[in-house]
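The next block holds one structure in the form of structure tokens; read it before the comments.
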Amino acid sequence: KAQTRGSPDWDFCYSLLNAVSRSFSIVIQQLPPQLRDAVCIFYLVLRALDTIEDDMTIPVDVKVPELVKFHTRLRDREWKYVCGEKDYRRLMLNYPLVTQAFLQLDSVHQEVITDIARRMGKGMAEFIERDVETVQDYDLYCHYVAGLTGLGLVHLFKASRLEHGDLPDDLANSMGLFLQKTNIIRDYLEDINEEPAPRMFWPKEIWGKYGRVLEDFKDPANSAAAVQCLNHLVLNVMRHAVRSLEFLSRLQDIQVFRFCAIPQVMAIGTLAECFNNPQVFTGVVKMRRGETAKYMVSINSMRNVYLAFAHFACIMIKKCNGPAQNDPHATELHVVLNEVL
Ligand SMILES: COc1cccc([C@H]2O[C@H](CC(=O)N[C@@H](CC(=O)O)C(=O)O)C(=O)N(CC(C)(C)C)c3ccc(Cl)cc32)c1OC
């Protein structure tokens, strides 16, 4: 194509991707060429939208219109909105380079990314003005910020003609909820200590059964109640595991499969670490580094995904039969885990 305004700086876009998504950028770069650039730009576009949503120094009356209008900026070569910290700030400062690359994508890919950015920005704006109270709010918020990403990716897979199977919205949505809810659970301490103002997404309908205010769980004296709340939330997210496996089982391209499966395996590994673990309230619980690397190379088949899911499900079942045996939700988790198995 005749480059009307200089060719996009793809090296810069991929260096930004490496900066903002650590291990995951490697998996994106292994995608087939007809999908790789679209996913790289989709990731950076969503990361920019997320950076605006996350920046607590932006006044609400400025942030809400910015989020709602974000999708109209995708074609504006001059637009940038400098906010956020560190590598995310570098993304926002250099955002016109992302726009230049976005405008080189196939028009179908541009349309998918624009539609998701529009719906996500609108959803984020809705939750700037109200908190996550009920479990229904929790599912809706996670649908907006993560489920929509899953839906958009399915459209990109189809447009690139790499996937032809039936990948319905509720399965794609579950892929997002499984990842987002896991992050929300894992990041309790990081989020509640956030300056200048914490933004918490734990649904009050659940945590309200275990404490008066979310901060109560930071107090070691409330550790038993905090862990019971944590286990209740792990049970809630594990309900999406079966749909996540169903989605993965329908994929046809091996690189698309790895791209989708690796984050899901990391998520259930994180959940197994977090379940019944009081350290969630004193530090950030992560999978052991060696385990992450092992799964990055070994997740090449549905068989290996089942083995990984079964491995982590058994870790949680052992906790249900051991230290968590008196936890009211451990019994129900046992049922959900047996479904996974
Ligand atoms: C079918 O759906 C998917 C299939 C494959 C991957 C993802 C999903 O996985 C990463 C994985 C990732 O980004 N991992 C990070 C670790 C971390 O940030 O915790 C990393 O390894 O650096 C992730 O976390 N999110 C962010 C959301 C969950 C909000 C969607 C994400 C953001 C943009 C895109 Cl294009 C994709 C994803 C999917 O999205 C649901």
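Taking Ala197, Ala48, Ala226 in turn, the Gaussian network model of the chain (Cα-Cα springs below 10 Å) assigns the largest fluctuation to Ala197.
Per residue of the chain, the DSSP helices (runs of n ≥ 4 H) give a summed -39500 (n - 2.57) that works out to -20500 deg cm²/dmol at 222 nm. Computed from the C-beta positions of Cys314 and Arg90 and an R0 of 30 Å, the FRET efficiency is 0.10 to the nearest 0.05. In this model, which of Lys181/Lys319; Lys158/Lys294; Lys204/Lys319; Lys218/Lys318; Lys122/Lys286 are farther than 23 Å apart at the alpha-carbon? Where the Cα-Cα span goes over 23 Å, the pairs concerned are Lys158/Lys294; Lys204/Lys319; Lys218/Lys318; Lys122/Lys286.
Other residues whose C-beta falls under 11 angstrom from the C-beta of Gln29 contribute a net charge of 0, scoring Lys and Arg +1 and Asp and Glu -1.
Axis of helix 289-298 versus longest Cα principal axis of the chain: the two differ by about 60°, to the nearest ten degrees.
Compute the FRET efficiency between Thr331 and Lys158 as 1/(1 + (r/R0)^6), taking r as their Cβ-Cβ distance and R0 = 35 Å, and round to the nearest 0.05.
For R0 = 35 Å, the calculated efficiency reads 0.30.
Relative contact order of the range 157-262, taken over Cα pairs closer than 8 Å and 6 or more residues apart, is 42 percent. Cβ-Cβ distance of Ser298 and Val242, R₀ of 22 Å, FRET efficiency by 1/(1 + (r/R0)^6): the value works out to about 0.50. If a spin label sat at a point 7 angstrom from the Cα of Asp50 along the line to its beta carbon, no backbone N atom of the range 276-313 would be nearer than 13 Å.
At a probe radius of 1.4 angstrom, the accessible area of the range 82-166 per residue rounds to 43 square angstrom.
Using a probe radius of 1.4 Å on heavy atoms only, what accessible surface per residue do you get for the range 265-326? Whole Å² is fine.
On the way: 3010 Å² over 62 residues.
On a per-residue basis, 48 Å².
Restricting the trypsin sites (Lys or Arg not before Pro) of the range 1-103 to loop positions (DSSP other than H, G, I, E, B) with no more than 15 neighbouring Cβ atoms within 10 Å leaves Lys1, Arg5, Arg22, Arg75, Arg77. Overall, the range 271-341 carries a charge dipole of about 360 debye about its Cα centre when +1 sits on the Cβ of Lys and Arg and -1 on the Cβ of Asp and Glu, all other atoms neutral.
With the full set of protein chains in place, find how many percent of the accessible area of the chain is carbon and sulfur; take the probe as 1.4 Å.
Details: 7730 of 15070 Å².
That share works out to 51 percent.
Note on the chain: dipole from Cβ charges, positive end direction compared against Tyr295, Leu177, Asn321; the farthest Cα belongs to Tyr295. Around the Cα centre of the range 36-161, unit charges on the Cβ atoms of Lys, Arg, Asp and Glu (plus for the first two, minus for the last two) sum to a dipole of about 620 debye. Under a model in which nothing but the beta-carbon of Lys, Arg (+1) and Asp, Glu (-1) is charged, the chain shows a dipole of about 920 debye around its Cα centre. When the charge dipole of the chain is built from unit charges on Cβ atoms (+1 for Lys and Arg, -1 for Asp and Glu) and taken about the Cα centre, the candidate among Ala125, Val335, Phe257 whose Cα reaches farthest toward its positive end is Phe257.
Using only Cα atoms and rounding to the nearest 10 degrees, what angle (0 to 90) does helix 302-321 make with the longest principal axis of the chain? So the helix axis and the longest Cα principal axis differ by about 30 degrees. Which GluC sites (Glu not before Pro) from the range 139-240 combine a DSSP loop assignment with at most 16 other Cβ atoms within 10 Å? Filter output for the range 139-240: Glu194. Fully extending the segment from Asp191 to Arg22, taken as 0.36 nm per residue of separation minus the present Cα-Cα distance, adds 58.9 nm. Applying the criteria of a DSSP loop state and at most 14 other Cβ atoms within 10 Å to the trypsin sites (Lys or Arg not before Pro) of the range 106-199 yields Arg130, Arg161, Arg199.
The relative contact order of the range 225-293, computed from alpha carbon pairs under 8 Å that lie at least 6 residues apart in sequence, is 41 percent.
The values are calculated or read from the model by the stated rules, or taken from the named source; none is laboratory data. Source: prediction; values computed, not measured. For neighbour counting, all protein chains shown are included, and Cβ atoms are generated from backbone atoms with ideal geometry for every residue, glycine included. Side chains are part of the model used for accessible areas, which takes the heavy atoms of the whole protein and leaves out ligands, DNA and RNA. Shrake-Rupley method; radii C 1.70, N 1.55, O 1.52, S 1.80 Å.
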